[in-house]
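Following: one structure in structure tokens, then a few remarks.
The values are calculated or read from the model by the stated rules, or taken from the named source; none is laboratory data. As the structure is a computational prediction, the values presented were derived from the model and not from experiment. Here the Cβ positions follow ideal geometry from the backbone for every residue, glycine too, while neighbour counts run over all protein chains shown.
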Amino acid sequence: MKETKNILLVGVGGQGTILASKILSAGLLSAGYDVKMSEIHGMSQRGGNVSTQIRFGETVYSPIIGRGEADVIVAFETMEALRWIEYLKPSGKMVINDFEIPSVPIQMGAAEYPKGILEELAAKADVSVFRAGAIAEGLGNSKTMNIVLLGALVKVLNMPEIDWEQAICSNVKQGFEEINIKAFRAGEAQV
Amino acid sequence: MENRHLLTGNEAVARGAYEAGLVFASAYPGTPSTEILETLAAYKDSLYCEWAPNEKVALEAAIGASLAGGRALAAMKHVGVNVAADPLFTAAYTGVNGGLILVSADDPGQHSSQNEQDNRNYATAARLLMLEPADSQEAKDFTKLGLALSERFDMPVMLRMTTRVCHSKSTVTFEERGEISIRPYEKNIAKYVMTPANAKVKRAKLGGAIQAMTEYSNSCDINREEINGTDIGVISAGVAYQYAKEVFGPEASYLKLGMTYPMPMEKIRAFASKVKTLYVVEEMDPYMERQIREAGIDCIGKDVIPEYDELNPDIIRKAVFGEEAPALHSDMKAVVRPPALCAGCPHRGFFYALSKRKNVMVTGDIGCYTLGAAPPLNAIDSVVCMGASISMGHGAAKVFQQSGTDTKVVAVIGDSTFFHSGITSLIDVTYNKGVSVSVIMDNRITGMTGHQQNPGTGLTLMGEPAVEVDIPLLCQAIGLKKENIYIVNPLKLTEVDEALDAALTKEEPCVIITKWPCILKKFTQEDKAAFDLSKKKCEIDQEACKKCKICVKTGCPAIYSGDVISINGDTCTGCGICMQVCPFDAIKEVK
């Protein structure tokens, strides 16, 4: 693969974007790709928005993705999908978790959570929307929502040659391998 | 393949230091540099590392370790180098014994900083050999090289990182730890005692050192040419080089600089002569461009590329070629998601009580509690730098006294920031008969940077038990009267109000210590014994709720104000602040 692929995971602090990106990059690395990954730390733990950028290919230079350059965006939260839409390649794919987390101005009643985001984005881009939170809860562990979303992302990337189960097992806590693999497969089935 | 590891730049610096036989490291936590020492602590069987109370202390300790013959490192964020600048400039005179490296982690774009200074200017001002890695492999390699060069040129080396190099992950190959023995120590007054007479001699010798380093800079392979086409040549360093490669592509030629002080001007001149148009691509100041122009070489740089904020390929492409990638656009706007004090944060209760006070100027400081300035609390008037709350508050109170207004001053500072540089400020207050109220918000940890130990927590970086600074006793020792020190639970609003009432009416220095652990902290046995940290939740009785929204004004992210006011049971920790402010008794604690 000559061309570098760009993936963007966006969400809210605490949603598990970092673990998902860790598993993704472990899988890509095992397949021999050059991988770069960029996160902004700092105040995210305090309820701010978070983004993880992953680029892979033969040789990757910049660790960050520009506007209109992401091949796939996975939005762990609905409003974050709207915030990052400009980063999607017009021919790219957006996977959206139908899951709303109001920000502080919304909670205080100073702003309203935008209505109709999913319809707006579906009219502009190739999107897949599902409720990863409900799926994870149905599997018995709501914390695996991030892995459900990772499953959907991997399906979109279409890289069956990579041993994703191995990548999951070496990055999740011992004893949680099986539930995370289930979550991953459930996510794959969504797109 | 198995030896390839995906590391952040910070993790790679730690790995490089370990491989280079480092024996001593000291730092004060600061984004984006913090993880360097956290990663080094994993190698504690082979080396010693510590959190220092501030960056000046960290660098001085590293200088001492170097003089004693060990390879040493000090790491800090860009503004930390300001604190450490005093020893830094003179360490360039004394030189080293064991290799000494200072890691400066700059923050272009101010992701988590109060300013955006370009610390490459320190290298020129202090005349320090400077290396700038562009990815994690270079971060590891340059750390090792830097320690060796420090010994070769008898000079401290500055490893200049930026947020994207610190926090981006890329692949790194590991090597074994080298067999580097600690050098013998020899007393050498002329070299290490910087009295004016000795320092003048050392100052005169700096020129020779710079010349030797310049020769190295012109010949080393980390300053390398990549010759392709002759139309465009690009000189770049650090992460900006990666961006330039994306923008200018394989047709352009590059001079990629890994060592940027002293600049390799001969190499630059030779490169410039090979290309028609020369670009200098760098983040922040025209640091390289200025020197290149001074050498009489024409180039395009900051006349098109922005000289503040973080760069990225988009910005450079637009600046140089006027091109933008086609992008999707929506007229709908996402609501901002500003950071906020966490649900259950012990600072909230204190700031809520403080925000109700009229005629009070609140000087703030650097840490999580800076968020007390955010709406709806709006409880802070100023934030400048580490430790400034108490000293700025002192100065302000002296002026309010003279202007005859009855405005009172409250300074707020966290425990770790107090140890960093608040103690000397508080001595200023007691020594000079100040009248401001200083509040030490002791949440038992260094919160904002992700929970590092500090001199008040009872543990070291390497996980060993340590003595705890006794804050009330320290305050007494520097001149506060015992009856003017109030220790309160910030989650009890009555306690906070009583302490504020008392302190604000006294015409002498007062300290309020709010003591409660950060809700995100991994609690120690001591924490569990000293504080009631049992799991609780609060709930709103919808029949009793009159929707007055007073609870919403605490700014708690667990409280949701929609058609009804409700509390998110997943994030609520039962701190009880909302319960105390509710005038209708509609909020109850539930198990």
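Across region A:1-17, which residue is nearest to the other protein chains (Cβ to nearest Cβ) among those that are of a type in the set (A, V, I, L, M) and under 26 Å from A:Tyr61 (Cβ atoms)? Spell out how you get there, then give the answer.
Pass one, region A:1-17, residues of a type in the set (A, V, I, L, M): A:1, A:7-10, A:12.
Now drop any that are not under 26 Å from A:Tyr61 (Cβ atoms), which leaves A:1, A:7-10.
On the way: A:Met1: 16, A:Ile7: 13, A:Leu8: 13, A:Leu9: 13, A:Val10: 10 Å.
Selected residue: A:Val10.
What are the residue pairs meeting all of these: first residue in region B:435-457, first residue farther than 23 Å from B:Lys398 by Cα and within 14 Å of chain A (Cβ to nearest Cβ), second residue outside any strand (DSSP E or B) and of a type in the set (Gly, Ala, Ser), Cβ atoms under 6 Å, and 6 or more apart or on different chains?
B:Thr446/B:Ser416; B:Met448/B:Gly367
Please enumerate the residues belonging to region A:97-112 that are of a type outside the set (A, V, I, L, M) and either more than 7 Å from every other protein chain (Cβ to nearest Cβ) or not in a loop (DSSP other than H, G, I, E, B) (or both).
Answer for region A:97-112, where residues must be of a type outside the set (A, V, I, L, M) and either more than 7 Å from every other protein chain (Cβ to nearest Cβ) or not in a loop (DSSP other than H, G, I, E, B) (or both): A:Asn97, A:Asp98, A:Phe99, A:Glu100, A:Pro105, A:Gln107, A:Glu112.
State which residue is farthest from the other protein chains (Cβ to nearest Cβ) when the search covers only region A:52-72 and only residues that are touching a helix residue (DSSP H, G or I) at 6+ places or on another chain (Cβ under 7 Å) and assigned to a strand (DSSP E or B).
A:Val72
Any residue at all in region B:379-400 that is surrounded by fewer than 20 Cβ atoms within 10 Å (Cβ to Cβ) and modelled with pLDDT under 95?
No; the residues of region B:379-400 include none that is surrounded by fewer than 20 Cβ atoms within 10 Å (Cβ to Cβ) and modelled with pLDDT under 95.
Which residues, counting only those in region B:523-577, are among the basic types (Lys, Arg), part of a loop (DSSP other than H, G, I, E, B) and within 13 Å of chain A (Cβ to nearest Cβ)? If you could, list the steps in order and put the result at the bottom.
Of the residues in region B:523-577, the ones among the basic types (Lys, Arg) are B:528, B:535-537, B:546-547, B:549, B:553.
Remaining after also requiring part of a loop (DSSP other than H, G, I, E, B): B:535-536, B:546-547, B:549.
Within region B:523-577, B:Lys547, B:Lys549 meet the criteria.
Residue check, B:Asp570 against (1) surrounded by 13 or more Cβ atoms within 10 Å (Cβ to Cβ); (2) under 19 Å from B:Ala340 (Cα atoms); (3) of a type in the set (Asp, Glu), all met but one. Which one?
The number of the failed condition is (1).
I'm trying to understand the selection: among the residues of region B:36-56, which are in a helix (DSSP H, G or I) and in contact with a Pro (Cβ under 9 Å, 6 or more places away or on another chain)?
Applying the first criterion (in a helix (DSSP H, G or I)) to region B:36-56 yields B:36-43, B:55-56.
Residues satisfying the conditions are B:Leu37, B:Glu38, B:Lys56.
Mind telling me which of the residues B:Val435, B:Val469 ends up being assigned to a loop (DSSP other than H, G, I, E, B) and more than 29 Å from B:Thr34 (Cβ to Cβ)? Reasoning before the result, please.
Details: B:Val469 fails: more than 29 Å from B:Thr34 (Cβ to Cβ).
Answer to the check: B:Val435.
Is there a residue being closer than 23 Å to B:Asn568 by Cα, within 13 Å of chain A (Cβ to nearest Cβ) and of a type in the set (Val, Ile, Thr) anywhere in region B:370-386? Can you show your working first?
Within region B:370-386, the subset closer than 23 Å to B:Asn568 by Cα is B:371-372, B:374-377.
Then drop every residue that is not within 13 Å of chain A (Cβ to nearest Cβ), which leaves B:371-372, B:374-377.
Filter again for of a type in the set (Val, Ile, Thr), leaving none.
The answer is no, given that none of the residues of region B:370-386 is closer than 23 Å to B:Asn568 by Cα, within 13 Å of chain A (Cβ to nearest Cβ) and of a type in the set (Val, Ile, Thr).
Quick one: in region B:230-288, which of the residues that are farther than 22 Å from B:Ser136 by Cβ and among the basic types (Lys, Arg) is farthest from the other protein chains (Cβ to nearest Cβ)?
Out of the qualifying residues, it is B:Arg269.
Run down A:Ala81, A:Ala26, A:Ala75, A:Ala31 and say which single residue is small (Gly, Ala, Ser), over 24 Å from B:Thr34 (Cβ atoms), facing chain B (nearest Cβ under 9 Å) and in contact (Cβ under 8 Å) with a residue 60 or more places away in the chain. It would help to see each step written out before you state the result.
Values: A:Ala26 fails: over 24 Å from B:Thr34 (Cβ atoms); A:Ala75 fails: facing chain B (nearest Cβ under 9 Å); A:Ala31 fails: facing chain B (nearest Cβ under 9 Å).
From the options A:Ala81, A:Ala26, A:Ala75, A:Ala31, the qualifying one is A:Ala81.
How about region A:167-184: which of its residues are part of a helix (DSSP H, G or I), more than 12 Å from A:Leu19 (Cα to Cα) and among the small types (Gly, Ala, Ser)?
A:Ala183
Considering only region A:53-71, state which residues are in contact (Cβ under 8 Å) with a residue 60 or more places away in the chain and surrounded by 22 or more Cβ atoms within 10 Å (Cβ to Cβ). It would help to see each step written out before you state the result.
First, pick out the residues of region A:53-71 that are in contact (Cβ under 8 Å) with a residue 60 or more places away in the chain: A:69-71.
Of everything in region A:53-71, those that are in contact (Cβ under 8 Å) with a residue 60 or more places away in the chain and surrounded by 22 or more Cβ atoms within 10 Å (Cβ to Cβ) turn out to be A:Glu69, A:Ala70.
Residue check, B:Glu526 against (1) outside the structural domain of B:Thr449 (by TED's automatic domain parsing); (2) surrounded by fewer than 20 Cβ atoms within 10 Å (Cβ to Cβ); (3) of a type outside the set (A, V, I, L, M); (4) under 30 Å from B:Thr460 (Cα atoms), all met but one. Which one?
Single failed check for B:Glu526: (1).
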